[in-house]
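Below is one structure; the comments refer to it alone.
The values are calculated or read from the model by the stated rules, or taken from the named source; none is laboratory data. Just so it is clear, the structure is predicted and the values come from calculations on it, not from any experiment. All Cβ positions, glycine included, derive from the backbone under ideal geometry; neighbour counts span all protein chains shown. Accessible surface is based on the protein model in full, side chains and every heavy atom, while ligands, DNA and RNA are left aside. Shrake-Rupley method; radii C 1.70, N 1.55, O 1.52, S 1.80 Å.
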Amino acid sequence: MHISKRHIFACLACLGFALLPFSVCASPNPHDIILKLASESLHPQTANALQFLIPKGWNARNEGNDLTFHVPYHKGILGHIIQNNNQSQDELRSALEKTYHTELTEISREELNTEQLHGSKSHLSGLFGEETYTILLFTGSLPDQSKIVLYAIAPSHWFQSYEPLFLDILNSLHK
């Protein structure tokens, strides 16, 4: 099993959160979460001809054109991969605001053009209950011009630890 330096760095960056009071953390044992993240390995998945990698310890469920994933050992970490969706970044942001009953602020937006993906990647922030969350949102297309959306959500104080894995999922999308 190979763990990249950026995965280790991301996990170590979150070590400081182990010192936070219990009520601040999304899980009762941040140290265990960090250890699990550091040992995650990526495994291939297929959903409706779409292929991608997802951490082995995460749960994934295919629901038509929508694939959901979540981290069973860390409440509040989840994401969706939606195929054949023509909504723009702004339309999806509005839909997420309605779904999660919150106002989202755009932190950043950039174009993402790789061999397999062409589109727009942004980071959004919003208050869910009493906790601030960060969302990675990608809208774009694959080389065959099929539309794809990925969004992944984590509490903001954990986002740096999960973002490398979210990006691994995003960058592995292909048909």
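Numbers for the structure displayed
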{"item": "Of all residues in the stretch 26-43 being closer than 13 Å to residue 157 by Cβ and either open to solvent by 20 Å² or more (accessible area, probe 1.4 Å) or assigned to a helix (DSSP H, G or I) (or both), the one that is modelled with the lowest pLDDT", "result": "26"}
{"item": "Flag for residue 46 being in a helix (DSSP H, G or I), over 16 Å from residue 163 (Cα atoms), of a type in the set (S, T, N, Q) and open to solvent by 30 Å² or more (accessible area, probe 1.4 Å)", "result": "no"}
{"item": "Candidate set: the stretch 55-65, residues that are more than 25 Å from residue 132 (Cα to Cα) and in a strand (DSSP E or B); chosen: the one modelled with the lowest pLDDT", "result": "63"}
{"item": "Residues located in the stretch 107-129, provided they are within 19 Å of residue 78 (Cα to Cα) and touching a strand residue (DSSP E or B) at 6+ places or on another chain (Cβ under 7 Å)", "result": "121, 122, 123, 124, 125, 126"}
{"item": "Selection count, the stretch 125-175, where residues are within 24 Å of residue 31 (Cβ to Cβ), in a strand (DSSP E or B) and among the charged types (D, E, K, R)", "result": "1"}
{"item": "Options 107, 153: the member that is β-branched (Val, Ile, Thr), modelled with pLDDT of 95 or more and surrounded by 15 or more Cβ atoms within 10 Å (Cβ to Cβ)", "result": "153"}
{"item": "Answer residue from the stretch 126-139, given it is farther than 15 Å from residue 92 by Cβ and touching a helix residue (DSSP H, G or I) at 6+ places or on another chain (Cβ under 7 Å) and is most open to solvent (accessible area, probe 1.4 Å) among those", "result": "132"}
